[in-house]
1. Which residue pairs have Cβ atoms under 8 Å apart, sit 6 or more places apart or on different chains, and have a first residue in region 234-248 that is within 18 Å of residue 183 (Cβ to Cβ) and a second that is aromatic (Phe, Trp, Tyr) and not in a helix (DSSP H, G or I)?
2. Would you say residue 139 is closer than 30 Å to residue 153 by Cβ, part of a loop (DSSP other than H, G, I, E, B) and open to solvent by 50 Å² or more (accessible area, probe 1.4 Å)?
3. Return the only residue of 58, 71, 29 being among the acidic types (Asp, Glu) and either more than 14 Å from residue 118 (Cβ to Cβ) or over 27 Å from the mean Cα position of the chain (by Cα) (or both).
4. Any residue at all in region 74-88 that's open to solvent by less than 10 Å² (accessible area, probe 1.4 Å) and out of contact with any strand residue (DSSP E or B) (no Cβ under 8 Å at 6 or more places or on another chain)?
5. Report those helices (runs of 4 or more DSSP H) wholly inside region 182-262 carrying at least 2 residues which are β-branched (Val, Ile, Thr).
6. Does residue 351 satisfy being free of Cβ contacts under 8 Å to residues at least 40 places away in the same chain and touching a Cys at 6+ places or on another chain (Cβ under 8 Å)?
7. Might you check whether a residue that is open to solvent by less than 50 Å² (accessible area, probe 1.4 Å), modelled with pLDDT under 95 and in a strand (DSSP E or B) occurs anywhere in region 97-112?
8. Just a yes or no: is a residue in region 19-42 farther than 30 Å from residue 384 by Cβ, in contact with a helix residue (DSSP H, G or I) (Cβ under 9 Å, 6 or more places away or on another chain) and in contact (Cβ under 8 Å) with a residue 12 or more places away in the chain?
Amino acid sequence: MAIADLTDWIEENTDRHIVWYVKRLSGNDTLANGSHQAGPYIPKEFLFEVFPSLHRADAENPDTWFEVRIDSHGDARNVRATWYNNKFRGGTRNEARLTNFGGAESALLDPESTGSLAVFAFHKDESGQARVCRVWVCDHETEADVIEDRIGPVEPGKFLIWTVDDRHSREFQPSQRTSCWLEPEEIPAEWLTRFPTGAEIISRAIALRSDHRLAVDQRLLRRRDCEFQVFRSLEQAVELPAIQAGFNNIDDFIARAQTILQRRKSRSGRSLELHARAIFNEEQLRDGVDFDHQPESEPGKRPDFLFPSEVSYKDTRFPANRLRMLAAKTTCKDRWRQILNEADRIPVKHILTLQEGISENQFREMSEASVQLVVPTPLMTTYPQTVRPYLQSLESFIADVRLLNLNEPRPPI
């Protein structure tokens, strides 16, 4: 579909009675990894918000039917929302599920949609009950950029809820606050006048979640979650007073909103590589000796990381089989192609990603292009079983880098 079609769709699905639920489809949402979920996961607390009739603990497994129109792919069907609640009658289940999407024929369950940004626009009636949900599944990142320019970045494993009345989008959060959320008195005074850099925020997250005894992959994911909470608590402390004070004109409001969105996109774009850099240092890989961050491999080409260094890479006497490059891409469905022309001396390109699954076809295409996926161990179960043996964990990647340079004399420069 053309971008103009998406733009029209956004306008048609933006109104006071419409609530957006936005996520990136994981391998558990689609049929990519053979899970039995058979439909995108939407937490029951949000389903109760758009389907008040579903929230009845006195009824056994209450359900409701509503129309789903996947406008991006010309598909429409009736879907069932059910709250399985036998926990209130001596059982163990307390979960809500969406079913009847139609199997692999649905764009929402198509394995090729894994990693795609999906927007669920729930249209409520006068009673507050959603009767229709119109959906757009982005075919490529250009479409995703159009959505994220409006509501901010949507990362794997996170959900955004957005309405036209919101000054900006809000994440779906559990009712209890995590300990990484900074209270006003915990925020340095200078951060309220000068928003801190990504590196400063990550340093605070590491202080809150040092987790040095945890394996590398678990450490990375826990810190990323912590950093996200630090960022959003700081954003609220800085921006909410200005928003509540109001604006003198539309231009001031738009400028403030754009500042917030651009800051979110900047944070999302660099967060993963900065976390990776911190972990490399903790794992005794020396910056500038064992790896270089944002080096120049060729004129105009700057991979995220080169191992062992830019100097070694540019020394033609240094063996190419002892060189490695690593790109850090939060999502990789389309963006993996961006790294193919980086570091020409290194035939296999490694890419660290937090994307929750890919289709077998996507993986085959990456493999044929000599791209090696590096995926934190806890996320590997979201990938198809046929793909999992070929994934590399971050801890394994670090071990390989160490092994390459262990007791190997480097040629004179």
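The values are calculated or read from the model by the stated rules, or taken from the named source; none is laboratory data. Because the structure is predicted, anything quoted here is derived from the model rather than measured. All Cβ positions, glycine included, derive from the backbone under ideal geometry; neighbour counts span all protein chains shown. Just so you know, the surface numbers come from the protein's heavy atoms only, side chains and all, with ligands and any DNA or RNA stripped out. Shrake-Rupley method; radii C 1.70, N 1.55, O 1.52, S 1.80 Å.
1. Close Cβ pairs satisfying both conditions: 234/195; 238/195.
2. Working: closer than 30 Å to residue 153 by Cβ: yes; part of a loop (DSSP other than H, G, I, E, B): yes; open to solvent by 50 Å² or more (accessible area, probe 1.4 Å): yes.
Against the criterion (closer than 30 Å to residue 153 by Cβ, part of a loop (DSSP other than H, G, I, E, B) and open to solvent by 50 Å² or more (accessible area, probe 1.4 Å)), residue 139 qualifies.
3. Details: 71 fails: either more than 14 Å from residue 118 (Cβ to Cβ) or over 27 Å from the mean Cα position of the chain (by Cα) (or both); 29 fails: either more than 14 Å from residue 118 (Cβ to Cβ) or over 27 Å from the mean Cα position of the chain (by Cα) (or both).
Going through 58, 71, 29 in turn, just one is among the acidic types (Asp, Glu) and either more than 14 Å from residue 118 (Cβ to Cβ) or over 27 Å from the mean Cα position of the chain (by Cα) (or both): 58.
4. Our first condition is that a residue be open to solvent by less than 10 Å² (accessible area, probe 1.4 Å); within region 74-88, this holds for 79, 81-83, 85.
Filter once more, so that each one left must be out of contact with any strand residue (DSSP E or B) (no Cβ under 8 Å at 6 or more places or on another chain): 85.
Checking region 74-88: at least one residue is open to solvent by less than 10 Å² (accessible area, probe 1.4 Å) and out of contact with any strand residue (DSSP E or B) (no Cβ under 8 Å at 6 or more places or on another chain).
5. Numbers: elements: 189-193, 198-208, 216-245.
Filter on region 182-262 gives 198-208, 216-245.
6. Values: free of Cβ contacts under 8 Å to residues at least 40 places away in the same chain: yes; touching a Cys at 6+ places or on another chain (Cβ under 8 Å): yes.
Yes, satisfied.
7. Initially, region 97-112 is screened for residues open to solvent by less than 50 Å² (accessible area, probe 1.4 Å), giving 98-99, 101-103, 106-109, 111.
Now narrow it down to the ones that are modelled with pLDDT under 95: 98-99, 101-103, 106-109, 111.
Restricting the remaining residues to those that are in a strand (DSSP E or B) gives 98-99.
Checking region 97-112: at least one residue is open to solvent by less than 50 Å² (accessible area, probe 1.4 Å), modelled with pLDDT under 95 and in a strand (DSSP E or B).
8. If we filter region 19-42 for residues that are farther than 30 Å from residue 384 by Cβ, which is where we start, we get 19.
Applying the additional criterion that residues be in contact with a helix residue (DSSP H, G or I) (Cβ under 9 Å, 6 or more places away or on another chain) yields 19.
From what's left, in contact (Cβ under 8 Å) with a residue 12 or more places away in the chain: 19.
Yes.
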